[in-house]
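Remarks on the structure that follows.
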Amino acid sequence: MFPTPIEKRSLPFNLSYRVAVWISLFLWLLPLLAVLLTSARSTADINAGNYWGIPSEWMLFENYTMVFTETPMFRYLLNSILITVPAVIGAVALSTLAGYALAKFKFRGNVALFAAFIAGNFVPFQILMIPVRDLTIGMGLYDTATGLILFHIAFQTGFCTLFMRNFIVGLPDELIEAARVEGVSEWQIFWHVVLPLVRPALAALSVLIFTFIWNDYFWALVLVQSDEVRPITAGISALKGQWMASWQLIAAGSIIAALPPVILFFAMQRHFIAGLTLGATKG
């Protein structure tokens, strides 16, 4: 069969679209490819100025092994896990409860409280650096994992509450009212009715917040100074002072630091896409 006029007009668009996608993908992955190649270079290769070419000697296994044997990278990685996981759980749990209250309870100040959550997302966190640092010192939480966890929960809860409230508000009120008529407690309604319905949203939010907290560098630099607590983002920066010429180790550490969020995304890809799609189809 011959293509219709509409199909003929769409052929140039489809071709340009596919070319643009591949060009965009290449440009997006080019820095990552450069870091990956650097992590496989030898010191002599880097000193010779070979930054973008193919490594003359592949040292991939040796460099990644050296990152764990000659630097505190394993400690940094463990610190990031111990900080990120509790912070994600705390932020998502609090925001889901707050989102449920804002979405399904009618009380005085509901709109004003919701507006406060929205407004808090527009405050530049950099201007809070000095008061937050002074507060952690005053509370005895400076240079502790607990302090970093608590402040990550505090800073992420605003966005998470806005996110979860917008999902929960779309749930049928009749379903919740029917459960209340049957004498079901609010906690049981939340646990057995609301949570199963917003599970895709919880998965999508957890992946997003895990990525935000895991990749945080600013607060890790402001609130932490010792290797015993320093997460991997600040730890890679600290390696620069210890390994002035060993850019291959810094590059290898950067690749290792980027793996957990990527692995989590692919592990929860189906739930993540379902959560975003659910939000996109809400009227």
Given (1) among the small types (Gly, Ala, Ser); (2) over 22 Å from residue 172 (Cα atoms); (3) surrounded by 18 or more Cβ atoms within 10 Å (Cβ to Cβ); (4) modelled with pLDDT under 85, where does residue 275 come up short, assuming only one miss?
(2)
Odd one out for residue 54, checked against (1) free of Cβ contacts under 8 Å to residues at least 24 places away in the same chain; (2) closer than 20 Å to residue 237 by Cβ
(2)
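Could you list, in sequence order, the residues of segment 161-185 that are part of a helix (DSSP H, G or I) and closer than 14 Å to residue 99 by Cα?
Going through segment 161-185, the residues part of a helix (DSSP H, G or I) turn out to be 161-168, 173-181.
161, 162, 163, 164, 165, 166, 167, 168, listed by residue number.
Given 80, 42, which one is of a type outside the set (A, V, I, L, M, F, W, C) and either out of contact with any Phe, Trp or Tyr (no Cβ under 9 Å at 6 or more places or on another chain) or farther than 30 Å from residue 195 by Cβ (or both)? Spell out how you get there, then give the answer.
Working: 80 fails: either out of contact with any Phe, Trp or Tyr (no Cβ under 9 Å at 6 or more places or on another chain) or farther than 30 Å from residue 195 by Cβ (or both).
Of the residues listed, the single one that is of a type outside the set (A, V, I, L, M, F, W, C) and either out of contact with any Phe, Trp or Tyr (no Cβ under 9 Å at 6 or more places or on another chain) or farther than 30 Å from residue 195 by Cβ (or both) is 42.
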Enumerate the pairs (first residue in segment 71-84 and buried (at least 22 other Cβ atoms within 10 Å of the Cβ); second residue anywhere and of a type in the set (Phe, Trp, Tyr) and in a helix (DSSP H, G or I)) with beta-carbon separation below 9 Å, excluding pairs fewer than 6 apart on the same chain, so at least 6 apart or on different chains.
80/214; 83/214; 84/210; 84/214
Restricting attention to segment 7-66, and to residues there that are open to solvent by 40 Å² or more (accessible area, probe 1.4 Å), polar (S, T, N, Q) and modelled with pLDDT of 85 or more, which single residue is farthest from residue 259 (Cα to Cα)?
24
Residue in segment 117-151 that is nearest to residue 81 (Cα to Cα), counting only those that are open to solvent by less than 60 Å² (accessible area, probe 1.4 Å), in a helix (DSSP H, G or I) and free of Cβ contacts under 8 Å to residues at least 12 places away in the same chain
128
If we ask which residues in segment 94-116 are of a type outside the set (Gly, Ala, Ser), farther than 20 Å from residue 152 by Cβ and in contact (Cβ under 8 Å) with a residue 24 or more places away in the chain, their number turns out to be 4
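The values are calculated or read from the model by the stated rules, or taken from the named source; none is laboratory data. Predicted model only: the values in this text are computed from it and were never measured. A quick note on method: Cβ atoms are made from the backbone with ideal geometry, for glycine too, and the neighbour counts reach across all protein chains shown. Please note that ligands, DNA and RNA were not included when accessible areas were found on the heavy atoms of the full protein model with its side chains. Shrake-Rupley method; radii C 1.70, N 1.55, O 1.52, S 1.80 Å.
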